[in-house]
Amino acid sequence: MRLAVQASLLVAVGITVLPPHLQAQTDPLRRILPHVRYFEAPIADPLEPRLGVGLLRTNLFRTAPEGRERSRPFFVPDPDDAADDVNAFTAVGGTLPWYHVAKWSDSTGIVMGVTAGVLGRFRIEYPTREDVGQDWFVGMPIEVAGAKWSGRFRFIHRSSHLGDEVVETTGASRIEVGGEYIDVMAAYEVLPFARVYGATSWIFRSYTEYTPVLVARGGHDRTLVQLGADARAYPWINGSLGIVGGVDWRRAQRTEWKDSFAAAAGLSLKTPTRHAKLLVRYFSGVSLLEQFFLTPEKYWSVELVTDF
């Protein structure tokens, strides 16, 4: 008994004199809600959950009334004006680190988190401020980083909802789209300020696959691929202010592997725990707004984005 007590005292004393980063690994409570991230979200990816607002100029409603995702077309009032539409863009969400699994150095380790977000658009040129729709994301990411490699493994649920005003004014029908999927992304640091990344997703439960339009043509919604690169440099205000940019490309089985391309660039202000970015974004390809997942779209946007 005495030996057990002495051993316990030695362990307690040893823990108190350990360096703080080693104490964090031996104390389970210090692992909860850590201020650490091991994988930075791709800058140019329009679907990353984030906290931000912006203005977006799109041609979505130039061809959306054809109803490619639906069993019948719909009508947009004042189609000439709607073909070049200005939307307010909102993003509410992000990733919160939840449990620090391992720490190998100040910049390498493993962390589990929770992620959630909603991306929405509103047609602000109209008195009704029409809600175009929202895409919702909820998931659990596991982030890992080594010397030059980093990666992210996520379970994700996605669902999409068409805005009430669009339904009322155009007659467009809501469709059930979304699903659950596993997403794996890996990145490699090619330069101290730049990286390339690639990702693939396996959609193990898809609602989109059962939309009448995909059933009729024998389409499937089981996988997608993504490639990209981004860079960041902070030459001003003692390394706190800098420029960032990136490109992102993807293809999805549900669109018969059509291309979607995005690019973004702008200013970034960082603190030890947060980033704020003012970005200009360009997108061209099949719309990533899920209620219009078969409609071609081009847009420019200006966004103010802050880490969650």
Of 37, 31, 70, which residue is under 26 Å from residue 189 (Cα atoms), touching a residue at least 24 places away in the same chain (Cβ under 8 Å), surrounded by 15 or more Cβ atoms within 10 Å (Cβ to Cβ) and of a type in the set (Lys, Arg)? 37
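Any residue in region 141-156 that is of a type in the set (Gly, Ala, Ser) and under 30 Å from residue 80 (Cβ atoms)?
Within region 141-156, none of the residues are of a type in the set (Gly, Ala, Ser) and under 30 Å from residue 80 (Cβ atoms).
What about residue 257, is it exposed (fewer than 14 other Cβ atoms within 10 Å of the Cβ) and either under 15 Å from the mean Cα position of the chain (by Cα) or within 24 Å of residue 155 (Cα to Cα) (or both)?
yes
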Those residues of region 211-228 that are in a helix (DSSP H, G or I) and aliphatic (A, V, I, L, M) come to a total of 4
Return a yes/no flag: does region 77-98 have any residue that is touching a Gly at 6+ places or on another chain (Cβ under 8 Å) and without any contact (Cβ under 8 Å) to a residue 24 or more places away in the chain. no
From the list 138, 114, which residue is assigned to a strand (DSSP E or B), loosely packed, with under 15 Cβ neighbours inside 10 Å and at pLDDT 95 or above? 114
Residues satisfying the stated conditions in region 55-91, i.e. modelled with pLDDT of 95 or more and at positive phi: none
Taking region 73-91 and keeping only residues that are surrounded by fewer than 16 Cβ atoms within 10 Å (Cβ to Cβ) and either among the aromatic types (Phe, Trp, Tyr) or more than 29 Å from residue 295 (Cα to Cα) (or both), one is left with 75
Tell me yes or no: at least one residue of region 229-243 is modelled with pLDDT of 95 or more and in contact with an Asp or Glu (Cβ under 7 Å, 6 or more places away or on another chain). no
Among the residues of region 165-172, is there at least one that is surrounded by fewer than 16 Cβ atoms within 10 Å (Cβ to Cβ), part of a helix (DSSP H, G or I) and on the phi < 0 side of the Ramachandran plot? yes
Are any residues in region 64-102 more than 21 Å from residue 174 (Cβ to Cβ), assigned to a loop (DSSP other than H, G, I, E, B) and not acidic (Asp, Glu), and if so, which ones? 83
Have a look at 158, 205 and point out the one that is among the basic types (Lys, Arg), surrounded by fewer than 15 Cβ atoms within 10 Å (Cβ to Cβ), in a strand (DSSP E or B) and assigned by TED's automatic domain parsing to the domain that holds residue 78. 205
Can you tell which of 200, 211 is surrounded by 20 or more Cβ atoms within 10 Å (Cβ to Cβ) and either without any contact (Cβ under 8 Å) to a residue 60 or more places away in the chain or more than 19 Å from the chain's Cα centre (by Cα) (or both)? 211
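Can residue 94 be described as assigned by TED's automatic domain parsing to the domain that holds residue 140, on the phi > 0 side of the Ramachandran plot and surrounded by 19 or more Cβ atoms within 10 Å (Cβ to Cβ)?
When the stated conditions are applied, residue 94 passes them.
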Taking region 176-197 and keeping residues touching a Lys or Arg at 6+ places or on another chain (Cβ under 9 Å), assigned to a loop (DSSP other than H, G, I, E, B) and surrounded by fewer than 20 Cβ atoms within 10 Å (Cβ to Cβ) leaves 193
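The values are calculated or read from the model by the stated rules, or taken from the named source; none is laboratory data. Keep in mind it's a predicted model, so treat the numbers as computed, not measured. Don't worry about glycine lacking a Cβ; one is built from the backbone with ideal geometry, like all the others, and counts go over all protein chains shown.
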